[in-house]
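Student: This is the structure I have questions about; it appears just below.
The values are calculated or read from the model by the stated rules, or taken from the named source; none is laboratory data. Computed from a predicted model, the values in this text were never measured in an experiment. Here Cβ is always computed from backbone atoms with ideal geometry, including for glycine, and neighbour counts include all displayed protein chains. The protein model used for the area step is the full one, side chains on, heavy atoms only, and it has no ligands, DNA or RNA in it. Shrake-Rupley method; radii C 1.70, N 1.55, O 1.52, S 1.80 Å.
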Amino acid sequence: MAAKKIIIDTDPGIDDTMAIFVALRSPEVEVIGLTTIYGNVYTTLATRNALHLLEVAERTDIPVAEGSHVTITKGTKLRIADFVHGADGLGNQNFPTPKGKPIELSAASFLVQQANLYRGQVTVVALGPLTNIALAIQLDPEFSRNIGQIVVLGGAFAVNGNVNPAAEANIFGDPDAADIVFTSGADVLAVGINVTHQVIMTDADREELASSKGKFAQYLSKILEVYFSYHHDAYSTRGVYLHDPTALLAAVNPSLITYTEGVVRVQTSGITRGLTILYNKQKRFEEVTEWSNKPSVKVAVTVDAPTVVKLIMERLMDS
Ligand SMILES: O=c1[nH]cnc2c1ncn2[C@@H]1O[C@H](CO)[C@@H](O)[C@H]1O
């Protein structure tokens, strides 16, 4: 079977780095581009890091399209999670400036172009706030039909968020964009932290990475220091959550997760800004609600965590 074409929309980011490297070692998929967004770092740095990571991987044939610097409502007060990933987004390692440049097209235009070129065949794996995807939907009314699937790492379905008790970081980053994507009619699969918090890399796993000869394993075992110490402080755990690579593997191999279907709306204001609420369709409400007559999406419910961790480890060490 031909490899599935994927575009990774990313804000690298330590777990983004893992996801990108795992994708490059997954024969089931062909990475046809990276698009960048703010989140873990500002967009300019996300672009620089994306170019740098492709140079590390010796895959500078893959285009990088720079994404939005502001939210879908033109908001410039962004929440940047440098306290999770380090000031450079990559564990404060002082990496050299990449030689490469992003392509001329914006992320949204690139997404529209590729969805058009390969109708129904492109999967977008969205690892940051959903601004670029919402912009693509606004740019081209056909985008939600042309795109194959949008796998969203985001949301906290019936669990606490990681920004505050209501909101998960990627949805909180641009709740208006997230609501546009969830109600767009595209084939959307949301992998929330209710699922990714089950997928943990332990200290022992990290030591295994460090002792492996794999290029990606070596690179990661260094940058993971900051990510581990953040988790230790914030969650009092000795492991880290593998958010981004889990979402990536859900796109690579859907049988690693189970999901339910329903309508997802996003709270865009107030103290619960960024909250994702799934209507599971078990009750027919008397009144018309904000969930009525909206298209359904898929929301991941369970994950085969041991297999996901095993695949991530194998693919990072085999490099
Ligand atoms: O505590 C946190 N605050 C903000 N962002 C976080 C935190 N933990 C992880 N991430 C980042 O946000 C996504 C998952 O929500 C992941 O991409 C992760 O890198």
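Student: Count the net charge of all other residues whose Cβ sits under 14 Å from the Cβ of residue 122, scoring Lys and Arg as +1 and Asp and Glu as -1.
Tutor: Charge balance near residue 122 sits at -1.
Student: Okay, helix-only estimate at 222 nm for the chain: each DSSP H run of n ≥ 4 adds -39500 (n - 2.57), divide by all residues, round to 500 deg cm²/dmol; what do you get?
Tutor: The per-residue figure over the chain is -11000 deg cm²/dmol.
Student: Oh, and also: Please grab the % of Cα pairs in the range 157-209 that end up more than 18 Å from each other.
Tutor: So the pairs more than 18 Å apart make up 47 percent of the total in the range 157-209.
Student: Also, quick follow-up: Roll a 1.4 angstrom probe over the protein heavy atoms and tell me the percent of accessible area of the range 50-104 that is carbon or sulfur.
Tutor: Carbon and sulfur: 50 percent of the exposed surface of the range 50-104.
Student: Shifting gears a bit: I'd like the projected area of the range 225-319, averaged over all directions, using the convex hull of its alpha carbons. Report it in nm² with one decimal.
Tutor: Approximately 9.3 nm², given one-decimal rounding.
Student: Describe numerically, in nm with one decimal, the distance between label points set 7 Å from Cα along Cα→Cβ at residue 82 and at residue 283.
Tutor: 4.6 nm
Student: How big is the range 141-262 in terms of Cα radius of gyration and Dmax, in angstroms?
Tutor: Taking only Cα atoms of the range 141-262, I get Rg and Dmax of 16.4, 49 Å.
Student: Express in Å², to the nearest 10, the accessible area of residue 127 obtained by rolling a 1.4 Å probe over the protein heavy atoms while all chains stay in place.
Tutor: For residue 127, the solvent-accessible surface is approximately 0 Å².
Student: Could you estimate the translational diffusion coefficient of the range 68-108 from the Stokes-Einstein equation, with Rh from the Kirkwood formula over C-alpha pairs, at 25 °C and 0.890 mPa s, in whole µm²/s?
Tutor: Rounded, D is 189 µm²/s.
Student: If you don't mind, there's one more thing I want to ask. Go ahead and run the numbers for FRET between residue 236 and residue 116, Cβ-Cβ distance against an R0 of 45 Å, rounding to 0.05.
Tutor: Once rounded, the FRET efficiency stands at 0.40.
Student: Test of the criteria: in the range 73-176, which GluC sites (Glu not before Pro) are in a DSSP loop and have at most 14 other Cβ atoms within 10 angstrom of their Cβ?
Tutor: For GluC sites (Glu not before Pro) across the range 73-176 that sit outside H, G, I, E and B with at most 14 neighbouring Cβ atoms in 10 Å, the list reads 104, 142.
Student: Which of these, 144, 26, 292, has the largest mean-square fluctuation under a Gaussian network model of the chain (Cα springs below 10 Å)?
Tutor: Taking springs between Cα atoms under 10 Å, the residue moving most is 292.
Student: Same structure again: Residue 248: net charge of surrounding residues, Cβ under 13 Å, Lys/Arg +1, Asp/Glu -1, itself excluded?
Tutor: -2
Student: What's the local net charge at residue 261, with K and R +1, D and E -1, over the other residues with C-beta under 9 Å away?
Tutor: +2
Student: What accessible area, in Å² to the nearest ten, does a 1.4 Å probe give for residue 317?
Tutor: 50 Å²
Student: Something else now. Under 30 Å from the Cα of residue 281, which lysines turn up, not counting those fewer than eight places away in the same chain?
Tutor: Straight-line reach from residue 281, under 30 Å: 294, 298.
Student: While we're looking at this one, here's another question. Find the centroid of the Cα atoms in the range 173-221 and in the range 279-298, then give the distance between the two in whole Å.
Tutor: Here the two parts' Cα centres lie 29 Å apart.
Student: Name the lysines eligible as straight-distance cross-link partners of residue 215: C-alpha to C-alpha under 21 Å, and not fewer than 8 places from it in the same chain.
Tutor: Within reach: 99, 310.
Student: How do 260, 44, 10 stack up against each other in accessible area, from largest to smallest, with a 1.4 angstrom probe?
Tutor: Heavy-atom accessible area, descending, gives 44, 260, 10.
Student: For the chain, just list the percent of Cα-Cα distances falling in each 10 Å bin from zero outward, please.
Tutor: Spelled out bin by bin, the chain gives 6, 29, 39, 21, 4, 1, 0 percent.
Student: Sticking with this structure for a sec: Quote to one decimal, in nm, the extra length available between residue 164 and residue 202 on full extension: 0.36 nm per residue of separation minus the C-alpha distance between them.
Tutor: Stretched fully, the residue 164-residue 202 segment lengthens by 11.2 nm.
Student: Across the Cα atoms of the range 35-105, what radius of gyration and what greatest pairwise Cα-Cα distance (Dmax) are found, in Å?
Tutor: 12.5, 37
Student: Could you state the accessible area per residue of the chain in Å², with a 1.4 Å probe and every protein chain left in place?
Tutor: For the chain, the per-residue accessible area is 42 Å².
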